[in-house]
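Novice: One structure, as C-alpha coordinates, below. Some questions next.
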Amino acid sequence: MLLFHRKLIFTFILTLFSAITCAGVKLNVVTTTGMIADLAKNIGGRQVEVLALMGTGVDPHLYKATQGDVSKLLKADLILYNGLHLEGKMQGIFIKLGKKKAVHAVAKGIDQEKLIISTAFGGQPDPHVWFDVQMWHQAAQEVTRVLIQALPESKEEINANFQVYSQALLALDSWVRTKVMLIPAKQRMLVTAHDAFGYFGRAYGMEVESLQGVNTASEFGLHDLKQVRQLIIERNIKAVFIESSVPKKFIQSLQEGLIAQGYPIDIGGELFSDAMGRSGTIEGTYIGMVKHNVNTIVGALL
Ligand SMILES: [Zn+2]
(Lines give C-alpha, C1' and ligand atoms only; values in the text may rest on other atoms or scores of the structure.)
Protein backbone atom coordinates (compact mmCIF):
# COMPACT_ATOMS: atom_id res chain seq x y z
CA MET A 1 0.00 0.00 0.00
CA LEU A 2 2.77 2.36 1.02
CA LEU A 3 4.70 1.47 -2.12
CA PHE A 4 1.63 2.15 -4.21
CA HIS A 5 1.30 5.60 -2.64
CA ARG A 6 4.93 6.40 -3.29
CA LYS A 7 4.53 5.41 -6.91
CA LEU A 8 1.47 7.58 -7.22
CA ILE A 9 3.22 10.57 -5.70
CA PHE A 10 6.20 10.02 -7.97
CA THR A 11 3.98 9.87 -11.06
CA PHE A 12 2.16 12.99 -9.91
CA ILE A 13 5.41 14.94 -9.49
CA LEU A 14 6.61 13.75 -12.90
CA THR A 15 3.37 14.87 -14.56
CA LEU A 16 3.51 18.21 -12.81
CA PHE A 17 7.11 18.73 -13.90
CA SER A 18 6.42 17.97 -17.55
CA ALA A 19 3.33 20.19 -17.44
CA ILE A 20 5.48 23.10 -16.23
CA THR A 21 8.02 22.49 -19.00
CA CYS A 22 5.33 22.36 -21.67
CA ALA A 23 3.63 25.46 -20.32
CA GLY A 24 6.48 27.52 -21.66
CA VAL A 25 9.79 27.40 -19.91
CA LYS A 26 11.72 29.62 -22.25
CA LEU A 27 15.03 28.74 -23.83
CA ASN A 28 17.71 30.59 -21.90
CA VAL A 29 19.95 32.22 -24.53
CA VAL A 30 23.10 34.09 -23.51
CA THR A 31 24.92 36.17 -26.14
CA THR A 32 28.07 38.26 -26.12
CA THR A 33 27.09 41.43 -28.03
CA GLY A 34 23.78 43.24 -28.04
CA MET A 35 23.51 42.86 -31.81
CA ILE A 36 23.37 39.07 -31.47
CA ALA A 37 20.90 39.33 -28.58
CA ASP A 38 18.67 41.44 -30.82
CA LEU A 39 18.73 38.72 -33.50
CA ALA A 40 17.84 36.03 -30.97
CA LYS A 41 14.97 38.13 -29.53
CA ASN A 42 13.48 38.93 -32.91
CA ILE A 43 13.71 35.38 -34.21
CA GLY A 44 13.09 33.43 -31.00
CA GLY A 45 10.21 35.68 -29.93
CA ARG A 46 8.24 34.40 -26.95
CA GLN A 47 10.13 31.11 -26.95
CA VAL A 48 13.38 32.62 -25.68
CA GLU A 49 14.75 34.58 -22.75
CA VAL A 50 17.80 36.47 -24.02
CA LEU A 51 20.63 38.05 -22.11
CA ALA A 52 23.62 39.93 -23.59
CA LEU A 53 26.82 39.99 -21.55
CA MET A 54 28.21 43.12 -23.21
CA GLY A 55 26.12 46.23 -22.68
CA THR A 56 26.30 49.64 -24.29
CA GLY A 57 29.75 51.19 -24.64
CA VAL A 58 31.51 47.87 -24.07
CA ASP A 59 34.43 46.98 -26.33
CA PRO A 60 34.22 43.27 -27.27
CA HIS A 61 37.87 43.07 -28.39
CA LEU A 62 39.06 43.76 -24.86
CA TYR A 63 36.20 42.26 -22.86
CA LYS A 64 37.03 39.64 -20.27
CA ALA A 65 34.27 37.49 -18.77
CA THR A 66 33.53 38.29 -15.12
CA GLN A 67 32.69 35.67 -12.50
CA GLY A 68 29.03 36.65 -12.92
CA ASP A 69 29.25 36.14 -16.69
CA VAL A 70 30.68 32.67 -16.23
CA SER A 71 27.77 31.64 -14.02
CA LYS A 72 25.30 33.06 -16.60
CA LEU A 73 27.07 31.10 -19.33
CA LEU A 74 26.94 27.95 -17.24
CA LYS A 75 23.18 28.33 -16.77
CA ALA A 76 22.49 29.05 -20.47
CA ASP A 77 20.73 26.52 -22.71
CA LEU A 78 22.30 28.12 -25.75
CA ILE A 79 25.28 30.46 -26.14
CA LEU A 80 25.60 32.66 -29.21
CA TYR A 81 28.73 34.68 -29.96
CA ASN A 82 30.05 36.54 -32.99
CA GLY A 83 33.22 34.57 -33.67
CA LEU A 84 36.06 35.57 -36.05
CA HIS A 85 37.99 36.48 -32.88
CA LEU A 86 35.80 39.49 -32.09
CA GLU A 87 35.60 38.27 -28.50
CA GLY A 88 39.37 37.89 -28.38
CA LYS A 89 39.59 37.23 -24.64
CA MET A 90 36.72 34.75 -24.39
CA GLN A 91 37.83 32.10 -26.85
CA GLY A 92 38.95 29.68 -24.14
CA ILE A 93 35.59 29.78 -22.35
CA PHE A 94 33.67 29.03 -25.55
CA ILE A 95 35.85 26.04 -26.36
CA LYS A 96 35.42 24.69 -22.83
CA LEU A 97 31.65 25.21 -22.68
CA GLY A 98 31.21 23.92 -26.24
CA LYS A 99 32.07 20.45 -24.96
CA LYS A 100 29.08 20.50 -22.60
CA LYS A 101 26.39 22.56 -24.31
CA ALA A 102 25.23 24.31 -27.49
CA VAL A 103 27.70 27.12 -28.27
CA HIS A 104 27.51 28.75 -31.72
CA ALA A 105 29.36 31.50 -33.54
CA VAL A 106 26.78 33.36 -35.66
CA ALA A 107 29.45 34.39 -38.21
CA LYS A 108 29.71 30.71 -39.18
CA GLY A 109 26.50 31.13 -41.15
CA ILE A 110 27.99 33.88 -43.30
CA ASP A 111 29.31 33.10 -46.77
CA GLN A 112 33.01 32.68 -45.95
CA GLU A 113 34.04 34.04 -49.35
CA LYS A 114 32.54 37.39 -48.38
CA LEU A 115 34.86 37.83 -45.41
CA ILE A 116 37.51 40.55 -45.65
CA ILE A 117 40.93 39.23 -44.72
CA SER A 118 42.69 41.95 -42.80
CA THR A 119 46.45 42.32 -42.59
CA ALA A 120 45.92 44.62 -39.61
CA PHE A 121 44.15 41.72 -37.87
CA GLY A 122 47.02 39.29 -38.34
CA GLY A 123 45.75 37.98 -41.68
CA GLN A 124 42.47 36.95 -40.03
CA PRO A 125 39.00 37.90 -41.25
CA ASP A 126 37.63 41.25 -40.12
CA PRO A 127 35.01 40.35 -37.46
CA HIS A 128 32.71 43.41 -37.90
CA VAL A 129 30.24 41.57 -40.14
CA TRP A 130 27.07 43.24 -38.80
CA PHE A 131 27.57 46.48 -40.77
CA ASP A 132 26.83 44.83 -44.09
CA VAL A 133 23.13 44.29 -43.54
CA GLN A 134 22.99 41.51 -46.14
CA MET A 135 25.74 39.65 -44.31
CA TRP A 136 23.89 40.14 -41.03
CA HIS A 137 20.84 38.70 -42.76
CA GLN A 138 22.89 35.53 -43.26
CA ALA A 139 23.74 35.60 -39.54
CA ALA A 140 19.98 35.85 -38.89
CA GLN A 141 19.47 32.70 -40.96
CA GLU A 142 22.11 30.95 -38.87
CA VAL A 143 20.40 32.00 -35.63
CA THR A 144 17.10 30.69 -37.04
CA ARG A 145 18.72 27.33 -37.82
CA VAL A 146 20.28 27.05 -34.36
CA LEU A 147 17.07 28.07 -32.56
CA ILE A 148 15.05 25.48 -34.48
CA GLN A 149 17.65 22.89 -33.55
CA ALA A 150 17.14 23.78 -29.88
CA LEU A 151 13.33 24.12 -30.13
CA PRO A 152 12.17 21.77 -32.90
CA GLU A 153 8.56 21.90 -31.67
CA SER A 154 8.50 25.68 -32.33
CA LYS A 155 9.89 25.44 -35.85
CA GLU A 156 6.93 27.11 -37.57
CA GLU A 157 6.78 30.00 -35.16
CA ILE A 158 10.53 30.63 -35.38
CA ASN A 159 10.43 30.50 -39.17
CA ALA A 160 7.53 32.94 -39.22
CA ASN A 161 9.43 35.34 -36.93
CA PHE A 162 12.43 35.09 -39.23
CA GLN A 163 10.31 35.95 -42.28
CA VAL A 164 9.10 39.15 -40.61
CA TYR A 165 12.57 40.18 -39.44
CA SER A 166 14.10 39.24 -42.77
CA GLN A 167 11.81 41.73 -44.56
CA ALA A 168 12.84 44.45 -42.09
CA LEU A 169 16.54 43.73 -42.70
CA LEU A 170 16.18 43.78 -46.48
CA ALA A 171 14.29 47.08 -46.28
CA LEU A 172 17.06 48.47 -44.06
CA ASP A 173 19.70 47.36 -46.56
CA SER A 174 18.14 49.29 -49.43
CA TRP A 175 17.48 52.31 -47.19
CA VAL A 176 21.19 52.48 -46.26
CA ARG A 177 22.20 52.20 -49.93
CA THR A 178 19.95 55.10 -50.96
CA LYS A 179 21.05 57.32 -48.05
CA VAL A 180 24.81 56.89 -48.58
CA MET A 181 24.45 57.76 -52.28
CA LEU A 182 23.29 61.23 -51.22
CA ILE A 183 26.87 62.09 -50.19
CA PRO A 184 28.94 63.46 -53.11
CA ALA A 185 31.25 60.69 -54.40
CA LYS A 186 34.49 62.49 -53.48
CA GLN A 187 33.40 63.01 -49.89
CA ARG A 188 32.13 59.49 -49.37
CA MET A 189 34.89 58.76 -46.86
CA LEU A 190 34.36 57.63 -43.28
CA VAL A 191 37.11 58.36 -40.75
CA THR A 192 36.88 56.65 -37.36
CA ALA A 193 39.23 55.56 -34.58
CA HIS A 194 39.02 51.83 -35.13
CA ASP A 195 38.24 50.04 -38.33
CA ALA A 196 34.78 48.67 -37.64
CA PHE A 197 33.27 49.82 -40.93
CA GLY A 198 35.15 47.81 -43.56
CA TYR A 199 32.10 45.73 -44.50
CA PHE A 200 29.88 48.81 -44.35
CA GLY A 201 32.20 50.64 -46.76
CA ARG A 202 32.38 47.76 -49.20
CA ALA A 203 28.64 47.13 -49.18
CA TYR A 204 27.50 50.74 -49.54
CA GLY A 205 30.30 52.36 -51.51
CA MET A 206 32.17 54.35 -48.85
CA GLU A 207 35.90 54.51 -48.38
CA VAL A 208 36.90 53.91 -44.79
CA GLU A 209 39.97 55.15 -42.96
CA SER A 210 40.83 54.44 -39.36
CA LEU A 211 43.62 55.17 -36.95
CA GLN A 212 43.73 51.85 -35.20
CA GLY A 213 42.99 48.96 -37.52
CA VAL A 214 40.26 46.42 -36.87
CA ASN A 215 41.34 45.55 -33.36
CA THR A 216 41.23 48.13 -30.59
CA ALA A 217 44.01 46.19 -28.84
CA SER A 218 46.49 47.50 -31.43
CA GLU A 219 48.27 50.83 -31.19
CA PHE A 220 48.51 53.42 -33.93
CA GLY A 221 51.61 55.39 -34.82
CA LEU A 222 52.22 59.05 -35.61
CA HIS A 223 52.83 58.02 -39.19
CA ASP A 224 49.25 56.73 -39.54
CA LEU A 225 47.91 59.91 -38.00
CA LYS A 226 49.82 62.07 -40.51
CA GLN A 227 48.61 59.98 -43.45
CA VAL A 228 44.98 60.20 -42.38
CA ARG A 229 45.30 63.98 -41.90
CA GLN A 230 46.68 64.37 -45.41
CA LEU A 231 43.92 62.30 -46.93
CA ILE A 232 41.24 64.34 -45.15
CA ILE A 233 42.67 67.60 -46.47
CA GLU A 234 43.09 66.27 -50.02
CA ARG A 235 39.56 64.97 -50.16
CA ASN A 236 38.04 67.97 -48.41
CA ILE A 237 36.29 65.80 -45.81
CA LYS A 238 34.05 67.79 -43.47
CA ALA A 239 33.86 65.54 -40.44
CA VAL A 240 35.36 62.62 -38.54
CA PHE A 241 33.49 60.37 -36.10
CA ILE A 242 33.87 59.07 -32.57
CA GLU A 243 32.59 55.64 -31.52
CA SER A 244 30.63 54.73 -28.43
CA SER A 245 32.89 51.79 -27.51
CA VAL A 246 36.29 53.42 -28.14
CA PRO A 247 37.92 56.32 -26.20
CA LYS A 248 37.29 59.72 -27.81
CA LYS A 249 40.89 60.88 -27.39
CA PHE A 250 42.13 59.28 -30.65
CA ILE A 251 39.75 61.20 -32.87
CA GLN A 252 40.13 64.35 -30.76
CA SER A 253 43.90 64.33 -31.31
CA LEU A 254 43.30 63.93 -35.04
CA GLN A 255 40.95 66.92 -34.94
CA GLU A 256 43.45 69.03 -32.96
CA GLY A 257 46.20 68.19 -35.45
CA LEU A 258 44.05 69.25 -38.38
CA ILE A 259 43.00 72.50 -36.72
CA ALA A 260 46.68 73.24 -36.00
CA GLN A 261 47.34 72.78 -39.73
CA GLY A 262 44.64 75.37 -40.46
CA TYR A 263 42.03 72.80 -41.54
CA PRO A 264 38.85 73.11 -39.51
CA ILE A 265 37.08 69.79 -39.10
CA ASP A 266 34.00 68.79 -37.15
CA ILE A 267 33.38 65.78 -35.00
CA GLY A 268 30.40 64.52 -36.97
CA GLY A 269 28.87 62.72 -34.01
CA GLU A 270 29.04 59.43 -32.21
CA LEU A 271 28.65 56.14 -34.05
CA PHE A 272 27.73 52.81 -32.50
CA SER A 273 30.37 50.45 -33.80
CA ASP A 274 30.92 47.38 -31.63
CA ALA A 275 28.08 47.95 -29.14
CA MET A 276 24.52 49.20 -29.52
CA GLY A 277 22.88 52.06 -27.64
CA ARG A 278 21.17 51.73 -24.26
CA SER A 279 18.40 49.13 -24.11
CA GLY A 280 14.97 50.70 -24.31
CA THR A 281 16.15 53.34 -26.81
CA ILE A 282 15.88 53.11 -30.61
CA GLU A 283 19.66 52.84 -30.88
CA GLY A 284 19.45 49.89 -28.50
CA THR A 285 18.21 47.75 -31.40
CA TYR A 286 20.25 46.62 -34.38
CA ILE A 287 18.06 48.39 -36.93
CA GLY A 288 18.00 51.57 -34.84
CA MET A 289 21.77 51.47 -34.43
CA VAL A 290 22.37 51.20 -38.17
CA LYS A 291 19.88 53.99 -38.89
CA HIS A 292 21.47 56.24 -36.27
CA ASN A 293 24.93 55.66 -37.77
CA VAL A 294 23.82 56.30 -41.35
CA ASN A 295 21.84 59.42 -40.43
CA THR A 296 24.83 60.74 -38.44
CA ILE A 297 27.32 60.02 -41.25
CA VAL A 298 25.16 61.42 -44.05
CA GLY A 299 24.15 64.45 -41.97
CA ALA A 300 27.78 65.40 -41.25
CA LEU A 301 29.35 64.66 -44.64
CA LEU A 302 26.69 66.08 -46.93
ZN1 LIG B 1 35.84 46.43 -33.35
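The values are calculated or read from the model by the stated rules, or taken from the named source; none is laboratory data. In this text, all values refer to a predicted model and were calculated from it rather than measured experimentally. Glycine also receives a Cβ, built like all others from the backbone with ideal geometry; neighbour counts cover every protein chain displayed. Remember, those area values only see protein heavy atoms, side chains included, never the ligands or the DNA or RNA. Shrake-Rupley method; radii C 1.70, N 1.55, O 1.52, S 1.80 Å.
Novice: Sorted by packing (mean other beta-carbon atoms within 10 Å per residue), highest first, where do 200-210, 175-185 land?
Specialist: With the highest mean Cβ count within 10 Å placed first, the list reads 200-210, 175-185.
Novice: To make sure I understand the rule: partners must be lysines, Cα under 16 Å from the Cα of LYS155, and not fewer than 8 residues away in the same chain. Which ones qualify?
Specialist: Filter leaves LYS26, LYS41.
Novice: Tally Lys/Arg at +1 and Asp/Glu at -1 over every other residue whose Cβ is under 12 Å from the Cβ of ASN28; what's the total?
Specialist: Local charge sum for ASN28: +2.
Novice: Where does the chain land on Rg(C-alpha)/(2.2 N^0.38 Å)?
Specialist: That works out to 1.17 for the chain.
Novice: What net charge do the residues around VAL290 carry, taking every other residue with its C-beta under 13 Å from that of VAL290, with Lys and Arg at +1 and Asp and Glu at -1?
Specialist: Combined, the nearby Lys, Arg, Asp and Glu give -1.
Novice: Turning to a different aspect of this structure: Counting only protein heavy atoms, what percent of the accessible surface of region 126-277 is carbon or sulfur at a 1.4 Å probe?
Specialist: The C+S portion of the solvent-accessible surface of region 126-277 is 52 percent.
Novice: Let me ask something additional. What percent do you get for the relative contact order of region 135-218 when only Cα pairs under 8 Å and 6+ apart count?
Specialist: 21
Novice: Place a +1 charge on the Cβ of each Lys and Arg in the chain and a -1 charge on the Cβ of each Asp and Glu, then give the dipole magnitude about the Cα centre in debye, rounded to the nearest 20.
Specialist: So the magnitude is around 840 debye.
Novice: Now for a separate question. Averaging sequence separations of C-alpha pairs under 8 Å and six or more residues apart, then dividing by the length of region 75-234, give the relative contact order as a whole percent.
Specialist: Answer for region 75-234 is 18 percent.
Novice: Run the numbers on the chain and let me know its relative contact order in percent, using alpha-carbon pairs under 8 Å that are six or more apart.
Specialist: 18
Novice: If you don't mind, there's one more thing I want to ask. When the Karplus curve 6.51 cos²θ - 1.76 cosθ + 1.60 is applied with θ = phi - 60°, which whole-Hz ³J(HN,Hα) does each residue of region 60-72 get, with x for Gly and Pro?
Specialist: Running phi through 6.51 cos²θ - 1.76 cosθ + 1.60 with θ = phi - 60° gives x, 5, 9, 5, 10, 5, 8, 4, x, 4, 4, 5, 5 Hz.
Novice: Within 14 Å, Cβ to Cβ, of GLY277, how many net charges do the neighbouring residues add up to if Lys/Arg are +1 and Asp/Glu are -1?
Specialist: Taking every Cβ under 14 Å from that of GLY277, the sum is -3.
Novice: Send over a whole-number figure in Å² for the accessible area per residue of the chain, probe 1.4 Å. Before the final figure, lay out the partial values.
Specialist: On the way: 14840 Å² over 302 residues.
Counting only protein heavy atoms, the per-residue value for the chain is 49 Å².
Novice: Follow-up. Have a look at ALA102, MET35, THR56 and report the one farthest towards the positive end of the charge dipole of region 34-111, computed about the Cα centre with Cβ charges (Lys/Arg +1, Asp/Glu -1).
Specialist: ALA102
Novice: If you take every DSSP beta bridge fully contained in the chain, what fraction is antiparallel? Give it as a percent rounded to 5. Numbers along the way, then the final one.
Specialist: Working: 2 of 22 bridges.
Within the chain, antiparallel bridges account for around 10 percent of the total.
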